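Since the structure comes first, as structure tokens, the remarks are kept for the end.
The values are calculated or read from the model by the stated rules, or taken from the named source; none is laboratory data. Predicted, not measured: the structure shown is a model, and the values here were computed from it. Neighbour counts are summed over all protein chains in view; Cβ atoms, including those assigned to glycine, are modelled from backbone coordinates with ideal geometry. For accessibility, only protein heavy atoms count, side chains too; no ligands or nucleic acids. Shrake-Rupley method; radii C 1.70, N 1.55, O 1.52, S 1.80 Å.
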Amino acid sequence: MDDLDEMNSPVSPISPQKRRHHDLSQDDDEDEDALAEFAMDEDGDQDDDFDGGDGEDDDDVDIDMGNSGVFSPVVADRDRDKTHIVSFTVHAVPAIVETQTREANHVATLLGTQPEHAATLLRAFRWNKERLIDLYFNDPDATSATAGVILDSRKQPRPLVVPGFVCDVCCADDDDLLSLALSCGHRFCVGCYGHYVETKIKDEGESRRIQCMQRGCGVIVDEKTVEQCVGKDVLAKYKDLLLRTFVDDSDFYRWCPAPNCQFAVECHVTPARLARVVPTVTCQCGTTFCFGCGATGDHKPCTCWLVKKWLKKCADDSETSNWISANTKECTKCGSTIEKNGGCNHMTCRRCKHEFCWVCAGPWSEHGTQWYNCNRFDEKEAVEARDHQAKSRAALQRYLHYYNRYANHEQSAKLSQELHSKTEKKMSEVQANSTLSWIEVQFLRKAVDVVVDCRTTLKWTYAFAYYLARDNQTALFEDNQRDLEMAVEQLSELLERPLEPEADKIAELKRVVQDKSVYCSSRREVVLEDTAKGLLEDRWKYNTDAQPAGSAGPSGGGSSSSA
Amino acid sequence: MSEATLKRLLKELRDSQRNEAEYVEDLHPVDDDNLFEWIAVVRGPVDTPYDGGRFEISIKVPVSYPLAPPTMNFVTTVCHPNVQFKTGEICLDLLKTAWSPAWTLQSACSAVAMLLGQPEPDSPLNVDAANILRCGDTRAYRSLVRMYVELHAMGSSNDE
């Protein structure tokens with residue numbers, strides 16, 4: 001493998017970072033982590049988000065064949081770009097500043113203006129370079145006037161001593177008074193300008209729309225002028241505010257929502273595409289969030305507008321859901337009050353030893369490994385409900401069915417914090433009882449991570465399923481969902497089980513847990529991949545509950561739901 | 001900053017005595033020792049129900065003037081969508097966010113007088129007046145305003 005890589009390197013277009021992940025995925029069995037980072041495309045080009053693994057990933061094959069063109073390149077499944085992962089780039093502040101300068105300089109050369117004027121124009125157009133250039137060449141004067149710029153390179157704002165000048169604001173008329181005028185020609189003394197700009201920046205948090213002091217004059221005070229009239233700390237704040245507006249204004253940038261995080265994520269998913277793509281991104285600080293709606297966490301496979309609808313519905317029905325999601329349930333056999341304190345749905349009553357399922361309260365013996373069937377709502381009952389009252393009751397029941405499972409996974413994912421500390425203890429126990437080293441017991445922690453990821457996905461699959469119309473696609477989706485849920489419950493149960501200290505039992509445990517983790521990950525991959533492809537292809541049909549939102553949601557959403 | 005403020009206020013006083021602005025009949029400090037409290041009298045714009053009325057405005061100048069806007073209140077009772085009926089508080093963007101140091105007390109008074117003729121019922125301080133205007137009942141609005149103008153803003157200048 002090393003030889004191959006060396007042969008490749010002169011012709012390979014892959015950047016060093018990418019290559020590292022590539023190698024990892026070749027020799028590491030558990031390449032799930034690498035996959036996530038794999039998505040961080042260096043060039044951030046929006047066009048290769050979704051076209052399979054062509055182009056740059058197939059270098060191993062090209063070398064072997066010598067002349068390409070006869071055979072189409074063969075790409076291993078795991079090297080293919082995943083449909084449900086979008087490419088994005090994480091930027092630190094200096095890189096963003098550089099991008100801004102580069103864009104401004106580019107526009108400045110195109111329009112033949114000063115970079116600071118180009119920056120003001122760009123800000124007025126929310127950094128949409130194409131639109132700015134388009135409009136500017138149609139009507140340069142009107143475009144720059146609306147943006148608050150007078151493009152006249154002869155009039156550079158510079159502190160000057162003008163004989164006989166009296167400042168209109170402070171009425172100073174000293175002979176050596178320095179004064180400033182923007183390209184509009186309204187002249188004020190440097191001191192007043194400084195105070196004015198400082199109040200705007202410090203008190204009002206204004207940056208890109210500080211106008212000339214003359215009343216009725218809309219010319220914007222540009223960066224160069226601000227630099228000339230305020231102190232260092234105010235200037236720093238001004239630059240910071242400008243930077244914020246750059247990221248806030250741009251459709252392709254978003255700040256990481258984590259507290260005190262300084263990174264911004266660039267992702268080329270336009271708001272119009274949000275009905276078909278869920279752009280989940282991960283910041284360098286480790287925070288996962290949705291680029292589309294800014295919500296923290298991964299809400300795949302639900303699209304942003306479905307998430308919004310679902311959360312609103314949950315909040316509206318809070319009374320009922322409060323009642324239903326109350327933390328305790330009664331044992332179906334002896335009636336003891338039971339609180340769920342772990343992730344697994346397999347409950348055993350301490351008092352009567354009755355085993356039942358937490359979700360449906362049915363006996364656990366009916367939830368065997370072969371025919372686990374606790375995740376789909378039996379809609380036959382809804383059909384049987386003839387009269388209106390029964391129908392509305394069925395609707396509520398249907399909602400509660402999905403809500404219960406949604407809330408249940410959410411709760412379990414929250415309890416994972418506890419599971420983490422428990423696992424930590426278990427890991428040291430395993431180390432003490434066997435010959436395994438610290439690195440060899442990491443499988444337990446990884447398994448917990450897998451469980452948490454899968455539960456988050458499962459949680460949102462229930463919100464998704466609530467809005468799906470009943471057809472064959474949905475049945476397939478529910479099968480995938482059930483497979484994942486069953487696998488997760490089994491893995492979860494393995495992790496909850498008390499440790500047996502014998503060495504061979506531990507080896508057995510490691511094998512089983514690793515098998516299950518890999519299986520869970522692959523099931524999750526299947527669910528995400530299938531739903532993401534379905535969204536892209538407009539394959540999902542939404543039910544009547546989702547229809548009104550189609551029109552209220554993003555423009556693409558309307559057409560996809562009514563098709 | 002205080003010295004610059006005083007200098008500026010003195011200049012404004014000189015200017016306001018020399019040339020008169022539209023609608024502003026009188027503008028002077030409350031007493032000679034204090035340049036931070038002023039009194040103004042504006043005329044109601046012609047072709048509006050406020051025509052012929054004389055309205056007294058009290059002005060408080062902040063220390064950070066002219067960077068911060070002055071506070072203005074009607075002393076005369078005014079019925080207008082953007083004027084608080086009881087306190088005389090004025091809702092005008094110029095006196096809040098749209099203030100620029102290039103405005104003067106005189107030009108601000110002028111702008112307030114202009115506001116009388118151009119009510120903005122969508123950001124009301126006097127909801128009742130605004131509602132009448134919003135329903136499109138111009139006749140009721142005009143006669144209501146006229147009644148208050150004749151009650152409070154006509155006749156002797158110190159009717160309050």
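Here are some notes:
- The stretch A:241-250, residues that are in contact (Cβ under 8 Å) with a residue 40 or more places away in the chain and either among the charged types (D, E, K, R) or touching a Cys at 6+ places or on another chain (Cβ under 7 Å) (or both): A:D249
- One residue alone among B:P45, B:P66 is open to solvent by less than 20 Å² (accessible area, probe 1.4 Å), part of a loop (DSSP other than H, G, I, E, B) and away from every other protein chain (no Cβ under 11 Å), and that residue is B:P45.
- Residue ID - nearest to A:V230 (Cα to Cα), chosen from residues in the stretch A:132-144 that are among the aliphatic types (A, V, I, L, M) and crowded, with 16+ Cβ neighbours inside 10 Å: A:L132
- Screening A:C171, A:C189 for residues that are assigned by TED's automatic domain parsing to the domain that holds A:P157, on the phi > 0 side of the Ramachandran plot and open to solvent by less than 20 Å² (accessible area, probe 1.4 Å) leaves exactly one candidate, A:C171.
- Residue in the stretch B:9-17 that is within 14 Å of chain A (Cβ to nearest Cβ), out of contact with any Pro (no Cβ under 9 Å at 6 or more places or on another chain) and among the hydroxyl-bearing types (S, T, Y) present: yes
- Selection status of A:Q211, open to solvent by 50 Å² or more (accessible area, probe 1.4 Å) and away from chain B (no Cβ under 14 Å): no
- Residue tally, condition in contact with a Phe, Trp or Tyr (Cβ under 6 Å, 6 or more places away or on another chain), in contact (Cβ under 8 Å) with a residue 60 or more places away in the chain and not β-branched (V, I, T), over the stretch A:257-267: 3
Results for (1) in contact (Cβ under 8 Å) with a residue 24 or more places away in the chain; (2) part of a helix (DSSP H, G or I); (3) closer than 20 Å to B:V75 by Cα; (4) touching a helix residue (DSSP H, G or I) at 6+ places or on another chain (Cβ under 6 Å), shown as yes or no for each residue.
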residue: B:L116; (1), (2), (3), (4): yes, yes, yes, no
residue: B:L133; (1), (2), (3), (4): yes, yes, no, yes
residue: B:G136; (1), (2), (3), (4): no, no, no, no
residue: B:Y148; (1), (2), (3), (4): yes, yes, yes, no
residue: B:L151; (1), (2), (3), (4): yes, yes, yes, no
residue: B:M154; (1), (2), (3), (4): yes, no, yes, no
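- Scan of the stretch B:10-35 for residues that are touching a helix residue (DSSP H, G or I) at 6+ places or on another chain (Cβ under 8 Å) and of a type in the set (A, V, I, L, M, F, W, C), ordered by number: B:A21, B:V24, B:L27, B:L35
- Given (1) under 21 Å from B:L133 (Cβ atoms); (2) touching a Lys or Arg at 6+ places or on another chain (Cβ under 7 Å), number of the condition B:P70 does not satisfy: (1)
- From the options B:A129, B:A113, residue that is buried (at least 17 other Cβ atoms within 10 Å of the Cβ), in contact with a strand residue (DSSP E or B) (Cβ under 7 Å, 6 or more places away or on another chain) and modelled with pLDDT of 90 or more: B:A113
- Among residues of the stretch A:192-208 being touching a residue at least 12 places away in the same chain (Cβ under 8 Å) and out of contact with any Cys (no Cβ under 7 Å at 6 or more places or on another chain), the one that is nearest to the other protein chains (Cβ to nearest Cβ) is A:Y196.
- Of all residues in the stretch A:269-286 being part of a loop (DSSP other than H, G, I, E, B) and open to solvent by 20 Å² or more (accessible area, probe 1.4 Å), the one that is farthest from A:I85 (Cα to Cα): A:C285
- From B:K60, B:K96, B:K86, residue being within 14 Å of chain A (Cβ to nearest Cβ) and either surrounded by fewer than 16 Cβ atoms within 10 Å (Cβ to Cβ) or farther than 27 Å from A:V219 by Cα (or both): B:K96
- Out of B:F55, B:F85, sole residue that is out of contact with any strand residue (DSSP E or B) (no Cβ under 9 Å at 6 or more places or on another chain), more than 21 Å from B:A4 (Cβ to Cβ) and of a type outside the set (K, R): B:F85
- Restricting the stretch A:145-168 to residues that are open to solvent by 10 Å² or more (accessible area, probe 1.4 Å) and within 13 Å of chain B (Cβ to nearest Cβ), the residue that is farthest from B:L67 (Cα to Cα): A:V166
- In the stretch A:496-517, the residues that are closer than 16 Å to A:M427 by Cβ form Cβ pairs under 6 Å with partners that are open to solvent by 40 Å² or more (accessible area, probe 1.4 Å) and assigned to a helix (DSSP H, G or I), at six or more places apart or across chains, as follows: A:L499/A:E429; A:P501/A:N433.
Okay, residues lined up against (1) touching a residue at least 40 places away in the same chain (Cβ under 8 Å); (2) within 14 Å of chain A (Cβ to nearest Cβ); (3) in a loop (DSSP other than H, G, I, E, B):
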site: B:T77; (1), (2), (3): yes, no, yes
site: B:V112; (1), (2), (3): yes, no, no
site: B:D122; (1), (2), (3): no, no, yes
site: B:L125; (1), (2), (3): yes, no, yes
site: B:V145; (1), (2), (3): yes, no, no
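- Residue within the stretch A:261-268 that is within 14 Å of chain B (Cβ to nearest Cβ), open to solvent by less than 30 Å² (accessible area, probe 1.4 Å) and part of a loop (DSSP other than H, G, I, E, B) present: no
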